[in-house]
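Just below is one structure, and these are the notes that go with it.
The values are calculated or read from the model by the stated rules, or taken from the named source; none is laboratory data. What you see is a predicted model, and the numbers here were worked out from it, not measured in a lab. Here Cβ is always computed from backbone atoms with ideal geometry, including for glycine, and neighbour counts include all displayed protein chains.
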Amino acid sequence: MKIFVLLICVALLTACSSNDLAHVSCDFISGAVENEQQREQSLASPGARNIQHDSNKRAQDTTVGILNVLVGALSRALSSDDADTRCL
């Protein structure tokens, strides 16, 4: 039930503050990919241990992607810069 409410809130917030679905999907993908890259870099350091299961990694990437959608939508709503940037 909590996940459903979270998804509804995200959908409403992004629908109100974003004018293009491409921005939302780009924000989600870039957030998830950046989180994965940071995790891989931290695991590449000497002495690092991989203690997370794959499902936890995917859940963390998804959460960061959703948060990135919210931040991206808010920053576009508050910004006056209309320049489109390419996704990844």
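Miscellaneous remarks
- Qualifying residues in the stretch 55-77 (those that are within 13 Å of Ser30 (Cβ to Cβ) and of a type outside the set (A, V, I, L, M, F, W, C)) - the one surrounded by the fewest Cβ atoms within 10 Å (Cβ to Cβ): Ser75
- Of the criteria (1) modelled with pLDDT under 70; (2) part of a helix (DSSP H, G or I), which one Asn19 fails: (2)
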